[in-house]
Amino acid sequence: MGDDMMSYNGGVALAMKGKECVAIACDKRYGVQNRTIATNFTKIFQYGDYCFVSFCGLATDRRFGPYFVFSLVIGLDPKTGETFVYDSDNIGAISDNVNLATVGTASDYIFGLGELFFKPNMNADELFEATSQSLLNGVDRDSASGWGVLVYVVEKDKVTVRELKGRQD
Amino acid sequence: MVESIIGIRGKDFVVLAQDANTTKYGILNMKFDTNRLFKLSEHCAMLAAGEPGDVVQFSEYVGKNIQLYKMINGIELSPYACANFTRHEMATSLRSRNSFLANLIVAGYSTNEHDQQRAQLYAIDYLGAMVTSNVVAHGFCQFFALAIGDRLWKEDLTVQEALAMLQTIVNEMGKRMAAYPHCVFVRIIDAKGIRVLDNMYPEKIIVTKPSELELQTSADMMDIHS
């Protein structure tokens, strides 16, 4: 680990598209290198009625200085049902509107699982299952992420928040 | 890193503890009654540890600004507001000419009856990352305090239980830390405000004498006179 800023605090987030619904999920660990300090540190913020963002990387940069953070942005147009999922690295390279995006120390593991569970045009329940399983199993492979998962599923008429308890280590 | 600051949150109170040593050059114990607590408002206080000058400069700056708010607006900032203001100052100064190598614990009791969680406890590190938890600590004591807290903390913790937990932590620090905490200052913040409790000391370590058998060598056991 040494002094790699992006893995100093740990953490991971995933965003996935469904049919007229989007989901974003993150883990809850806050640590300093190999020490876990707290297990209630969620990384998702609401920027609008149908827009959520997540930042993974150096904890101090959250919300006040986008330097050592990778970002995820999701959104939903409540009238048309059009879905948006974008991710960005720390120097502002933004992806196209993708089906699946991950950021954080366990992003590679969750990408693999996400690609496996993703199907086009999933409904909200299937989307929740795919997102949750990708995250729950992906974080078990990364020592710097985990201690629970928070999942937001955004649909045209509601936003559902669920907290999942996985392996508490 | 050598200085210890610990916070434990209970049902309607927060207990704050700090070691009272000042060490110089890695080996000299200069002072046994160092104060690391800075009052922010009637029901909110901050413990700070780290680079000596930075600790005082930053804590006084934040403390005075919070008092200034009270003077201008006639109302005190809530612990939540104090903590977030402090974090913001730490984060903005991180990338400026003057950054502060200070780790902080902000604790308070909210006077707003509508608050769900009245006793509040936050830890802010020197990079400006803030987290809230039931047991927080900075420095090498983190290894002991967090682990003992995981084991002993429970919902609706009473003051006695919190102080017993703290005594366990202090004993462990006394046993295992080379930087022995001669004295630990303890304060409590609750509905009545900030109060100082009795000092806490690590329990004396009794070690059994080495046995006489160890004084024997194999040469002693040989009979050289035959």
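The values are calculated or read from the model by the stated rules, or taken from the named source; none is laboratory data. All figures in this text were calculated on a predicted structure; none of them were measured in a lab. Every residue, glycine as well, gets a Cβ built from its backbone with ideal geometry; the counts of neighbours run over all protein chains shown.
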Is there a residue in segment B:116-123 that is within 12 Å of another protein chain (Cβ to nearest Cβ), in contact (Cβ under 8 Å) with a residue 24 or more places away in the chain and in a helix (DSSP H, G or I)? no
Filtering segment A:118-135 for residues that are in contact with a helix residue (DSSP H, G or I) (Cβ under 9 Å, 6 or more places away or on another chain) and surrounded by 19 or more Cβ atoms within 10 Å (Cβ to Cβ) leaves a count of 5
| query | On the given criteria, is B:A162 crowded, with 16+ Cβ neighbours inside 10 Å and at pLDDT below 95? | reply | no
Among strands (runs of 3 or more DSSP E) entirely inside segment B:1-105, those with 3 or more residues being crowded, with 16+ Cβ neighbours inside 10 Å are B:5-9, B:13-19, B:37-41, B:44-50
Flagged in segment B:127-143 as more than 9 Å from every other protein chain (Cβ to nearest Cβ), surrounded by fewer than 22 Cβ atoms within 10 Å (Cβ to Cβ) and modelled with pLDDT of 95 or more, in numbering order, are B:N134
B:L213 fails exactly one of (1) of a type in the set (A, V, I, L, M); (2) farther than 29 Å from B:A119 by Cα; (3) surrounded by fewer than 13 Cβ atoms within 10 Å (Cβ to Cβ); (4) touching a strand residue (DSSP E or B) at 6+ places or on another chain (Cβ under 9 Å), namely (4)
Of the residues in segment A:30-46 that are surrounded by fewer than 21 Cβ atoms within 10 Å (Cβ to Cβ), in contact (Cβ under 8 Å) with a residue 24 or more places away in the chain and part of a strand (DSSP E or B), the one that is farthest from the other protein chains (Cβ to nearest Cβ) is A:I44
Conditions (1) without any contact (Cβ under 8 Å) to a residue 60 or more places away in the chain; (2) closer than 21 Å to B:Y126 by Cα; (3) over 15 Å from the mean Cα position of the chain (by Cα) -> A:V69 fails only (3)
Apart from one, (1) within 12 Å of chain A (Cβ to nearest Cβ); (2) of a type outside the set (F, W, Y); (3) touching a residue at least 60 places away in the same chain (Cβ under 8 Å); (4) part of a loop (DSSP other than H, G, I, E, B) all hold for B:G149; the odd one out is (4)
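Considering A:D89, A:D77, A:D27, A:D96, which residue is surrounded by fewer than 22 Cβ atoms within 10 Å (Cβ to Cβ), in contact with a strand residue (DSSP E or B) (Cβ under 7 Å, 6 or more places away or on another chain) and among the acidic types (D, E)?
On the way: A:D77 fails: in contact with a strand residue (DSSP E or B) (Cβ under 7 Å, 6 or more places away or on another chain); A:D27 fails: surrounded by fewer than 22 Cβ atoms within 10 Å (Cβ to Cβ); A:D96 fails: in contact with a strand residue (DSSP E or B) (Cβ under 7 Å, 6 or more places away or on another chain).
It is A:D89.
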Out of (1) among the acidic types (D, E); (2) more than 11 Å from chain A (Cβ to nearest Cβ); (3) crowded, with 20+ Cβ neighbours inside 10 Å, the one B:D156 does not meet is (3)
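Here is a yes/no grid of residues against (1) charged (D, E, K, R); (2) over 29 Å from B:E172 (Cβ atoms); (3) within 14 Å of chain A (Cβ to nearest Cβ):
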site	(1), (2), (3)
B:F32	no, no, no
B:S41	no, yes, no
B:L77	no, yes, no
B:L94	no, yes, yes
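Mind checking which residues of segment B:159-214 are among the hydrophobic types (A, V, I, L, M, F, W, C), in a helix (DSSP H, G or I) and more than 14 Å from the chain's Cα centre (by Cα)? I'd like the intermediate steps shown before the answer.
From segment B:159-214, those among the hydrophobic types (A, V, I, L, M, F, W, C) are B:159, B:162-166, B:169-170, B:173, B:177-179, B:183-186, B:188-189, B:191, B:194, B:196-197, B:200, B:205-207, B:213; that's our starting set.
Subset that is in a helix (DSSP H, G or I): B:159, B:162-166, B:169-170, B:173, B:213.
Once the filter is applied, which keeps residues that are among the hydrophobic types (A, V, I, L, M, F, W, C), in a helix (DSSP H, G or I) and more than 14 Å from the chain's Cα centre (by Cα), segment B:159-214 yields B:V159, B:A164, B:L213.
Conditions (1) closer than 30 Å to B:N103 by Cβ; (2) over 16 Å from the mean Cα position of the chain (by Cα); (3) among the aromatic types (F, W, Y), marked per residue:
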site	(1), (2), (3)
A:R35	yes, yes, no
A:G48	no, yes, no
A:C56	yes, no, no
A:V73	no, no, no
A:D108	no, no, no
Hey, B:A179 touching a residue at least 12 places away in the same chain (Cβ under 8 Å), closer than 20 Å to B:I105 by Cα and of a type in the set (A, V, I, L, M, F, W, C) or not
no
By residue number, the members of segment B:106-115 that are of a type outside the set (V, I, T) and assigned to a strand (DSSP E or B) are B:A107, B:G108, B:Y109
